[in-house]
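The values are calculated or read from the model by the stated rules, or taken from the named source; none is laboratory data. Since we're looking at a predicted model, the values are computed, not measured. Neighbour counts run over all protein chains shown; Cβ positions are idealised from the backbone, glycine included. We work out accessible area using only protein heavy atoms, side chains counted, and drop any ligands, DNA or RNA first. Shrake-Rupley method; radii C 1.70, N 1.55, O 1.52, S 1.80 Å.
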Amino acid sequence: IFKALPYTGAASKIASVLGGNRDREPLKRDSRFYPEYNVFDIEFDKVDKILITSMWVVSQWSGDFNPSHVHDGDLSGVIYLRIPPSLKEEYEREDHFPCVGDIQWQCGQAATFNGHTFQATPKVGDIYLFPSWLSHMVYPFRTQDEERRSVSFNVTVKRKKEKDEQQS
């Protein structure tokens, strides 16, 4: 799961996350989260195209949530455009598991000494990129007359055909 900040220049931030640093070294995911998967260790010299295959706006109000789900494609992402200002106060009132308005990714199974979730409290301008197969959900908030708005998208990575494949 990658987080790019700030929202200003979002396209360049997405490109830098997908393309690595200035020396063109591919970025690797933080090894603390799911080190067994190297989804973002992409060999960009083998990529033909990176296509945004779908994009939509999510507008959520008090009580709205997204149950656990996955997406199509290779990568998915979300850009947060509006967060209710009162969420911080609501979050602080939670007594045992603060999650108001958070996004949470799940991978694997809970076990002793083994976490299987990663949870984030988004801010306006945050961009998260993650493998499309990674289960995730969004928790509800209760503040009335305030909107949480985000743009979600799916990306497909088209790889170049190998020479052997092109000749046959």
Which of rounded, prolate, oblate describes the stretch 66-168, given a ≥ b ≥ c as roots of the alpha-carbon gyration tensor eigenvalues and a/c under 1.5 marking rounded, otherwise prolate only if a/b is larger than b/c? oblate
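Using the Cα centre of the stretch 51-97 as the reference point, and only Cβ charges (+1 on K/R, -1 on D/E), how large is the resulting charge dipole? Debye, rounded to the nearest 20. Present the calculation step by step, with values, prior to reporting the outcome.
Values: 3 positive and 8 negative charges, 39 e Å.
Here the size comes out at about 180 debye.
Taking Cα pairs under 8 Å and at least six residues apart, what relative contact order does the stretch 42-168 come out at, in percent?
Numbers: 251 pairs, mean separation 62.8, N = 127.
So the answer I get is 49 percent.
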Accessible area, 1.4 Å probe, largest first: how do MET55, MET137 sort? MET55, MET137
Amide H contacts under 5 Å for PHE141, placed H, 5+ residues apart: GLY63, ASP64, GLY101
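Mind checking the dipole of the stretch 74-168: about its Cα centre, +1 per Lys or Arg Cβ, -1 per Asp or Glu Cβ, Debye to the nearest 20? Please report the intermediate quantities before stating the final value.
Working: 12 positive and 14 negative charges, 102 e Å.
That gives a dipole near 480 debye.
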Nearest-10 value in Å² for the accessible area of HIS116, using the 1.4 Å probe: 50 Å²
In sequence order, what are the phi-derived ³J(HN,Hα) couplings for the stretch 55-66 according to the Karplus relation 6.51 cos²θ - 1.76 cosθ + 1.60 with θ = phi - 60°, rounded to whole Hz, with x for glycine and proline? 8, 8, 9, 10, 10, 10, 10, 2, x, 6, 7, 10
